[in-house]
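Reading through the structure tokens given below for one structure.
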Amino acid sequence: MSAVSELGYLGLSVSNLDAWRAYASEVAGMEVVDEGEGDRIYLRMDLWHHRIALHADGNDDLAYMGWRVGDPVEFEEMIEKLTSGGIEVRVASDVEARERRVLGLAKLVDPGGNPTEIFYGPQVDAHKPFHPGRAMFGKFLTGSEGLGHCILRQDDVEAAAKFYGLLGLRGSVEYHLQLPNGMVATPYFMHCNDRQHSVAFGLGPMEKRINHLMFEYTELDDLGLAHDNVRARKIEVALQLGKHANDKALTFYCANPSGWLWEFGWGARKAPAQQE
């Protein structure tokens, strides 16, 4: 049966493109691509045309997330599987697919109301070297593991787990987390490749669709440079450097220009099936 292979791209709604341009390139090290469209810019992390699209519509939240399948056959199989599972799916037009820089695109909504896309055939600009926005010792960890992971707003964790299970992700609750408001969260982590998780939910009520985006460097020194850049710019840090109990990644969380969090990381262990 068809299954997604990675979290391939994100669309983010933002209110300040200039602030995002500086944050993504000078702090994180991503390459900014501006094709003169006026209402958007793109963030490159590897040879793909982009991994993140920034849309200047003022919402400052997740706009959509794209999950990759292998080819047109798997694309049709996934649409059939989702439809049979009671999920409403719309196959996007060629114009919409070209806008996303993919060959095939379908649109749907997850149980938490998060716009979700299935795609195949991303535009890979193999002729165009990746140029980080600032000096880097290594690169971003992408490839078969996708761009990173997100924690999303989901009021019904069981429904969300079922939905992402239909997409082909696997996972479970991995620990209990005491929240500042006295609640105990039971975050549910799901993976579809070697990355320990590509999506998670179950943190309780959230103002925005997305709590944070995590991306990973291949070199520890690049995490250190990012941390130096954040401190130099006096950007608010929500969680200081530390290791997670489940994925063992060394990370820190800081505010982005839209008021939610980016998690900068290094050294995460692989998904359970790949652990020794």
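The values are calculated or read from the model by the stated rules, or taken from the named source; none is laboratory data. As the structure is a prediction and not an experimental result, all values here were calculated from the model. Using ideal geometry, Cβ is built from the backbone for each residue, glycine included, and neighbour counts are taken over all protein chains shown. Calculation scope for accessible area: heavy atoms of the full protein, side chains included, ligands and nucleic acids excluded. Shrake-Rupley method; radii C 1.70, N 1.55, O 1.52, S 1.80 Å.
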Note on the range 66-75: residues more than 25 Å from HIS55 (Cβ to Cβ) and open to solvent by less than 80 Å² (accessible area, probe 1.4 Å) are GLY70, ASP71, PRO72, GLU74
When (1) at pLDDT below 95; (2) within 18 Å of HIS149 (Cα to Cα) are applied to PHE252, the one that fails is (1)
Can you spot a residue in the range 129-148 that is among the hydrophobic types (A, V, I, L, M, F, W, C), within 20 Å of GLU6 (Cα to Cα) and free of Cβ contacts under 8 Å to residues at least 60 places away in the same chain? no
How many residues of the range 21-37 are over 16 Å from ALA135 (Cα atoms) and part of a strand (DSSP E or B)? The answer is 1
Of the residues in the range 186-228, those that are modelled with pLDDT of 95 or more and of a type in the set (A, V, I, L, M) come to MET190, VAL199, ALA200, ILE210, LEU213, MET214, LEU220, LEU223, LEU225, ALA226
Worksheet item: Would the range 76-86 turn up any residue that is closer than 21 Å to TYR42 by Cβ, open to solvent by less than 40 Å² (accessible area, probe 1.4 Å) and in contact (Cβ under 8 Å) with a residue 12 or more places away in the chain?
Response: no
Considering residues that are under 15 Å from the mean Cα position of the chain (by Cα) and closer than 20 Å to TRP260 by Cα, the number found within the range 46-59 is 4
Filtering the range 64-85 down to residues that are farther than 11 Å from GLY104 by Cα and small (Gly, Ala, Ser) yields GLY66, SER84, GLY85
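Here is a yes/no grid of residues against (1) under 24 Å from HIS49 (Cβ atoms); (2) more than 20 Å from the chain's Cα centre (by Cα); (3) of a type in the set (Gly, Ala, Ser):
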| position | (1), (2), (3) |
| --- | --- |
| VAL89 | no, yes, no |
| ILE118 | yes, no, no |
| ALA135 | yes, yes, yes |
| LEU147 | yes, no, no |
| ARG170 | no, no, no |
Those residues of the range 25-54 which are at positive phi and either of a type in the set (Val, Ile, Thr) or touching a residue at least 24 places away in the same chain (Cβ under 8 Å) (or both) amount to GLY29
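For the range 98-138, name all the residues that are of a type in the set (D, E, K, R), more than 18 Å from GLU35 (Cβ to Cβ) and crowded, with 17+ Cβ neighbours inside 10 Å. Working first, answer last.
Initially, the range 98-138 is screened for residues of a type in the set (D, E, K, R), giving 98-101, 107, 110, 117, 125, 128, 134.
Imposing the further condition that a residue be more than 18 Å from GLU35 (Cβ to Cβ) reduces the set to 107, 110, 117, 134.
Selection gives LYS107, ASP110, GLU117.
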The lone condition VAL95 fails out of (1) surrounded by 15 or more Cβ atoms within 10 Å (Cβ to Cβ); (2) among the aliphatic types (A, V, I, L, M); (3) more than 22 Å from HIS149 (Cα to Cα) is (1)
With the first residue restricted to the range 6-19 and required to be under 15 Å from GLY66 (Cβ atoms) and in a strand (DSSP E or B), and the second required to be at pLDDT 95 or above and open to solvent by 30 Å² or more (accessible area, probe 1.4 Å), Cβ contacts under 6 Å at 6 or more apart or on different chains are GLU6/ARG68; GLY8/ARG68
